[in-house]
Amino acid sequence: MESSEEEERIPIAQRPEWSDVKPVPQDDGPCPVVPILYSDDFKETMDYFRAVYLSDERSPRSLQLTSEAIHFNAGNYTVWHFRRLILESLNADLQEELDFVGSVAKQNSKNYQIWHHRRWLAEKLGSDAIVKELEFTKKILSIDAKNYHAWSHRQWVLHALGGWENELEYCHELLTDDIFNNSAWNQRYFVITRSPLLGGLDAMRDSEVDYTIDAILARPENESPWRYLRGLYKNDLKTWVNDLRVSSVCLKILSTKSRCVFALSTLLDLICHGFQPGPEFNEAVNTLQNAEAGPSTSSGLAESICSVLESMDSLRVNYWAWRKQQIPALNI
């Protein structure tokens with residue numbers, strides 16, 4: 001069913017305010033290979049758009065015409081570009097323009113041109129746009145939690161304009177709703193490393209490690225918190241290896257005989273970087289190896305872990321075999 005807007009649309013040629021404009025047809029050349037069958041309304045709108053664009057008419061009627069053109073094709077970069085020129089020339093209300101973009105985004109939330117236009121508006125408005133932009137991206141993410149455009153725009157707003165105060169809590173809310181939301185984990189890392197209010201990674205590491213370990217214990221099969229935990233020690237391998245919370249969570253997961261690739265691979269990385277495991281680690285891994293790969297023929301814990309991973313992680317079996325080959329060179 002056609003929308004009421006389309007049913008009630010008056011052809012531009014029948015509108016008195018456009019009587020002085022001669023439409024400019026699209027020029028596909030003398031022999032177009034694959035001519036596109038546009039609808040009559042789309043064709044007419046673009047013919048009139050070409051006319052005002054070529055004459056550089058920056059008027060209210062031209063602004064309205066770009067709205068109609070965007071309705072037919074929200075991805076037309078030239079239309080959006082000309083719309084920005086008109087907005088500037090008319091000194092238009094950019095808060096109203098944000099509302100317009102929001103309405104277009106309802107059906108086009110992954111359209112590059114919309115997000116580019118939205119950023120341009122936010123740059124013009126500065127700090128006055130913070131609240132509306134954060135709420136706008138929040139609304140989009142409530143529909144599609146993995147929308148890359150919304151996350152990218154949200155990070156840009158925080159970095160360029162501000163609004164950090166409640167962002168860590170927002171990440172927590174998202175993770176409470178879905179602990180597997182890797183985009184929310186990524187945003188949380190962005191906040192603790194970039195926010196001017198939190199003191200940086202060193203200041204946040206201790207509390208974040210505890211937060212992440214709780215998430216790991218809740219769902220050990222969730223890769224995101226394992227990656228996040230490793231990221232908390234960026235450029236500080238010594239602290240990572242020596243923080244007993246990291247090795248302890250690996251042991252706790254493995255001691256339950258859980259088939260957790262991430263616990264095993266983390267333990268392997270710790271050993272390869274100097275961690276000295278106690279006998280309880282050997283016992284946990286040997287139990288898994290007997291269950292997964294048969295009796296151990298490996299001489300060391302690192303090799304045993306690789307053997308178990310070869311058996312459990314068939315998708316990366318060649319990678320784990322390669323890791324096992326590297327162990328002698330590490331003198332483990």
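The values are calculated or read from the model by the stated rules, or taken from the named source; none is laboratory data. What you see is a predicted model, and the numbers here were worked out from it, not measured in a lab. Because the Cβ atoms are built from the backbone with ideal geometry, glycine has one as well, and the counts that use them run over all protein chains shown. SASA here: full protein model, heavy atoms, side chains in, ligands and nucleic acids out. Shrake-Rupley method; radii C 1.70, N 1.55, O 1.52, S 1.80 Å.
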inquiry  = Per DSSP helix of 4 or more residues, -39500 (n - 2.57); summed, then divided by the residues of the chain. What does that give at 222 nm, rounded to the nearest 500?
reply    = -20500 deg cm²/dmol
query = Expressed as an acute angle from 0 to 90° and rounded to the nearest 10, what is the orientation of the C-alpha long axis of helix 167-177 relative to the principal long axis of the chain?
reply = 70 degrees
message = If I compute Rg/Rh (Cα atoms, Kirkwood Rh) from the structure I just sent, which labelled value in (1) 0.94; (2) 1.17; (3) 0.98 lines up?
response = (2)
query = Taking the Cα centre of the chain as the origin, how large is its charge dipole in debye, to the nearest 20, when only Lys and Arg (+1) and Asp and Glu (-1) carry charge on their Cβ atoms?
reply = 1220 debye
ask   = Ignoring ligands, DNA and RNA, what percent of the accessible area of the chain is carbon or sulfur (1.4 Å)?
value = 50 percent
Distance from region 81-160 to region 1-72 (C-alpha centre basis), Å = 25 Å
query = For residue 291 and residue 322, what is the calculated FRET efficiency with R₀ set at 22 Å and r taken between the beta-carbons, to the nearest 0.05?
reply = 0.40
note = Relative to the chain, whose Cα atoms define the longest principal axis, helix 279-292 and its Cα axis are tilted in degrees, nearest 10, by 70 degrees
request  = Could you calculate the FRET efficiency of residue 142 with residue 329 from 1/(1 + (r/R0)^6), where r is the beta carbon distance between them and R0 is 41 Å, rounded to 0.05?
outcome  = 0.25
ask   = Spin-label point model (7 Å from Cα, Cβ direction): what's the residue 36 to residue 107 distance in nm?
value = 1.6 nm
query = With every protein chain present, what accessible area does residue 10 have (1.4 Å probe, heavy atoms only), rounded to the nearest 10 Å²?
reply = 90 Å²
key: Most mobile of 242, 91, 286 in a GNM of the chain (Cα contacts under 10 Å)   = 91
query = Taking the Cα centre of region 1-81 as origin and charging only Cβ (+1 Lys, Arg; -1 Asp, Glu), how large is the dipole, in debye to the nearest 20?
reply = 300 debye
message = Assuming 0.36 nm per residue, please report the length gained on full extension of the stretch residue 207 to residue 54 beyond their Cα-Cα distance.
response = 49.1 nm
query = How much length is gained on full extension from residue 193 to residue 17, taking 0.36 nm per residue of separation minus their Cα-Cα distance?
reply = 57.9 nm
note = Per residue, accessible area of the chain with a 1.4 Å probe, heavy atoms of protein chains only, in Å², comes to 54 Å²
query = Between residue 88 and residue 219, 0.36 nm times their residue separation minus their Cα-Cα distance comes to what?
reply = 42.0 nm
message = Just to verify a number: FRET efficiency for residue 244 and residue 64, C-beta to C-beta distance, R0 = 51 Å, to 0.05?
response = 0.15
query = Pairing the Cα long axis of helix 317-330 with the longest principal axis of the chain, what angle in degrees results, from 0 to 90 and rounded to the nearest 10?
reply = 50 degrees
